[in-house]
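Worksheet for the structure shown next.
The values are calculated or read from the model by the stated rules, or taken from the named source; none is laboratory data. If you're wondering where the values come from, they're calculated on a predicted model, not measured in any experiment. Cβ: placed from backbone, ideal geometry, glycine included. Neighbour counts: every protein chain shown.
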Amino acid sequence: MSEISKYMRVSHRYLGFFLAGIMAIYSISGIIMIFRDTDFLKQEKQKTLTVATGLESHAVGAAIKIKNLKIMSDTLDVVTFEQGTYNKTTGVAEFTVKELPYLLNKMTKMHKATNKDPLYYLNIFFGFSLFLFVISSFYMFMPGTTIFKKGMYFTLAGIVLTLVMLFF
């Protein structure tokens, strides 16, 4: 076995142990995020926010961070929407939201981190680590062996499945 193969095997092994926890979090949060447009695992919570006074009905959704806010009525003082109300005079919005439980919410926020969030460094590190995992897996077995050849068939099948999922 070459030195690079030994190095890759050791790196693959210890990187796998090191990343076991974060891989579990990303797999669970990834599955949960598939259902983000549904109420799966979500709990209702009452919220009260004070925002700017005198907002027009179309601006209330952005102010309280509810996408696609559906306005039911708009009177002189109160805007009523599906989830609650907004008082134009006081700026108080009382509404109900559906959120994931605390831990699951934290996990999905970590999964969705952008470059404005300090967690994005972790996401970049994790992405590079997974790429190293991919590369090092090809050094786990000697080319020409039966296991390596079977591995190449599985690799080809995985690539084909990925392309089918991407383009169909």
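A few comments on the model shown:
- Qualifying residues in the range 56-81 (those that are in a loop (DSSP other than H, G, I, E, B) and more than 21 Å from the chain's Cα centre (by Cα)) - the one surrounded by the most Cβ atoms within 10 Å (Cβ to Cβ): 69
- Among the criteria (1) charged (D, E, K, R); (2) loosely packed, with under 15 Cβ neighbours inside 10 Å; (3) modelled with pLDDT of 95 or more, the one residue 88 does not fulfil is (2).
- Which listed residue, of 160, 164, is exposed (fewer than 10 other Cβ atoms within 10 Å of the Cβ), modelled with pLDDT of 95 or more and either among the charged types (D, E, K, R) or not assigned by TED's automatic domain parsing to the domain that holds residue 27 (or both): 164
- Restricting attention to the range 24-65, the residues that are aliphatic (A, V, I, L, M) and out of contact with any helix residue (DSSP H, G or I) (no Cβ under 8 Å at 6 or more places or on another chain) add up to 8.
- Residue ID - nearest to residue 67 (Cα to Cα), chosen from residues in the range 28-51 that are part of a loop (DSSP other than H, G, I, E, B) and without any contact (Cβ under 8 Å) to a residue 12 or more places away in the chain: 37
- Pairs where the first residue, in the range 136-154, is touching a residue at least 24 places away in the same chain (Cβ under 8 Å) and the second is assigned to a loop (DSSP other than H, G, I, E, B), C-beta under 8 Å, 6+ apart: 142/1
- Total residues in the range 91-125, condition surrounded by 13 or more Cβ atoms within 10 Å (Cβ to Cβ), under 19 Å from residue 46 (Cα atoms) and among the aliphatic types (A, V, I, L, M): 5
- Only listed residue being surrounded by fewer than 11 Cβ atoms within 10 Å (Cβ to Cβ) and under 14 Å from residue 91 (Cα atoms), chosen from 53, 48: 48
- Taken together, the residues in the range 92-127 that are in contact with a Leu (Cβ under 8 Å, 6 or more places away or on another chain) and in a loop (DSSP other than H, G, I, E, B) amount to 3.
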